[in-house]
Amino acid sequence: MSPSNWESRLEAARKARKETVGEGGALATSRDLPLPENVTWHRVNVVTPLLEGWKIVTGILAFFTVQNLDDFVRAYRFIREHGFSLGDQFGYYILGLIALLLLWAVLGLLSWWWRAYAVDADGVYLRSGILSRKLRTARLPRIQSVDVVHPLLGRILGMGQLTVEVAGGRDSRVIIGFLRTRELRVLRDRILDLAAGQAEVPASDTAGDAVGRSRPAGGAAGLGEASAAAGESAHPTPAGTTAGSLRRSSSLRASNFQEHPLYDVDAGVLIGSLLRSPMIYTLVLTVICVPVMLVLLIVVDNMTGGEALAIVSSYGTIVLALATIVWTHFNSAWNFQASATPSGIRMRYGLTAETSRTLPPGRVHGVGLTQPILWRGKDWWKVDVTVAGREDRPQDGQTREAGNLLLPVGTRDTALRALWLVVPDLGVPDPDTLLVQALTGQDDDGVGDPQAPAGSAERGFVRVSRRGRVFHPLTWRRAAIVLTDTCVIIRHGRWRRQVSVIPYERIQSLNVQRGPLDRRLSLASLRFDMVAREVPTSIPNLEAADAKALAAQISQRALRRSSAEQLDRWFARAVIATQAAGPSAR
């Protein structure tokens, strides 16, 4: 390398170091995280460490108490007879417990001090950590949904967390909290406003100072929670802003507080759906059969008490697991309500932990409608959606399945209304007939001219090949796929009816798969790769020529399709449709 190149590199390093070192000579970013500039940092509520760690501390204390229960009983008796002294063994226990609690409190305060969040026009930021500093960033274009979660203890104190789900890998979300409910609502609406492309309006600083924040030079203003919660604009007028533009921006931000009810789940319908669930019958049979089996074993085999206790504990674990599954379904669907807002569909649900989830329609990658066999008498359906980035959150009782529910249970009209909210155009002249053929059709229902090209409107549903029915003896009568101008619709399931609606633009990739038997029988399977697996995305045992033709059609239409729906237009359409009494208005 020539001397001139060395000198240029050294000069560039000196300049970089001068930019890194502040006016006082201390390093500004070399020993800390590269934080975003011109943002206002807000601290979470000071009780956050307590709400996050009380379960762990309680569990540890309970464990040590149970392990040393005999020592505590002897110490208690000794204190009653001889009095209390710090020099006794029990006194040492008390001092150690106080020291542990003080250490936990100090670490919690340090954790709270270094934890702060910020929002700007580019993303949502969360910094945390004492020894190991972390900076989590959720870019606005990658945001899939925004949830407000109130755990049981948080509901008692009027506090909750805000979860920003992004399209990323496992644990890619940003969780902010705990904050007051009013602050959570203001923060949620601000994030959704910015994610929808609305210009950020400088807010009042009266609310931000109350939670303790640090303001860098030139930083943007904080949130005006009091004014925003009232649905009014209390923002100062920027220089050069006209009265008309200010009124327009104020109405845009205030519009997020408009909620139009769409549908809800009645408690009787929810309980009835659980009573018609196979899991309930399995739980009842397990509870009934265990005592009967134990009595027979004791009488016939002369089983000892220890052996009986071992069997009871084993079956008790099974019963507890089944009861937990049933309780989770009930708890996550209780008081389920869906409303339309300019930012998307807002769903509230939960008995012990209340969740408010806002799902922009453009973030839905697929819709699934499911009807178990025991629901057919009532014509009830469940509606699931596929959303990128959502994972289980055991710490607040949230599961991935509950987070992707658009409707836990409801009539067919309600299920079709939920489908229409996220897939407004099925791409056919008569969507009602198509949906009937997809939901309840079988055999040749919806099948057109078998000589027409696969994927055309004249062909209709493409069924599995006759040569492939031997591989699916129970479901071949319903298994079929149809292509419309806007989406792919797959129907399958004999005892548990399932229908998948997948927009072309949401398909990540598609595969035509052929195994050894498929090649011998001229069969092929068509599979779509999606961001998640909540909705079935494959159809097996098609004619090889039909599978290739369908794949070619899907590839061409996916290139032409793009999501161009505006949120305000979506809100107006949802309100008008609800006032017109359901999906018949489309």
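The values are calculated or read from the model by the stated rules, or taken from the named source; none is laboratory data. Just so we're clear, the structure is a prediction, and the values are computed from it rather than from any experiment. Neighbour counts are summed over all protein chains in view; Cβ atoms, including those assigned to glycine, are modelled from backbone coordinates with ideal geometry.
Restricting to segment 356-387, name every residue that is closer than 20 Å to T537 by Cα and modelled with pLDDT under 85.
Across segment 356-387, the qualifying residues are P361, G362, R363, V387.
I'd like the full set of residues that are more than 30 Å from E401 (Cβ to Cβ), among the acidic types (D, E) and either surrounded by fewer than 18 Cβ atoms within 10 Å (Cβ to Cβ) or in contact with a Lys or Arg (Cβ under 9 Å, 6 or more places away or on another chain) (or both), limited to segment 512-541.
Correct list: empty.
Test of understanding: among R496, R514, which residue is in contact with a Leu (Cβ under 8 Å, 6 or more places away or on another chain) and charged (D, E, K, R)?
R514
Output the number of residues of segment 272-289 satisfying the condition of being loosely packed, with under 13 Cβ neighbours inside 10 Å and at pLDDT 90 or above.
Counting residues in segment 272-289 that are loosely packed, with under 13 Cβ neighbours inside 10 Å and at pLDDT 90 or above gives 1.
In the set L162, L184, L179, which member is of a type outside the set (G, A, S) and not in a strand (DSSP E or B)? Can you show your working first?
Working: L162 fails: not in a strand (DSSP E or B); L179 fails: not in a strand (DSSP E or B).
The unique qualifying residue is L184.
Can you name the number of the only condition in (1) farther than 30 Å from L187 by Cα; (2) in a strand (DSSP E or B); (3) free of Cβ contacts under 8 Å to residues at least 40 places away in the same chain that T370 fails?
Here T370 meets the rest and fails (3).
In this structure, does A340 turn out to be assigned to a strand (DSSP E or B), modelled with pLDDT under 90 and either touching a helix residue (DSSP H, G or I) at 6+ places or on another chain (Cβ under 6 Å) or among the hydrophobic types (A, V, I, L, M, F, W, C) (or both)?
Criteria met by A340.
Looking at segment 431-450, which of its residues are part of a helix (DSSP H, G or I) and surrounded by fewer than 17 Cβ atoms within 10 Å (Cβ to Cβ)?
D432, T433, V436, T440
Of the conditions (1) hydroxyl-bearing (S, T, Y); (2) buried (at least 17 other Cβ atoms within 10 Å of the Cβ); (3) in contact with a strand residue (DSSP E or B) (Cβ under 8 Å, 6 or more places away or on another chain); (4) under 15 Å from L550 (Cβ atoms), T475 fails just one. Which one is it?
Of everything listed in (1) hydroxyl-bearing (S, T, Y); (2) buried (at least 17 other Cβ atoms within 10 Å of the Cβ); (3) in contact with a strand residue (DSSP E or B) (Cβ under 8 Å, 6 or more places away or on another chain); (4) under 15 Å from L550 (Cβ atoms), T475 misses just condition (4).
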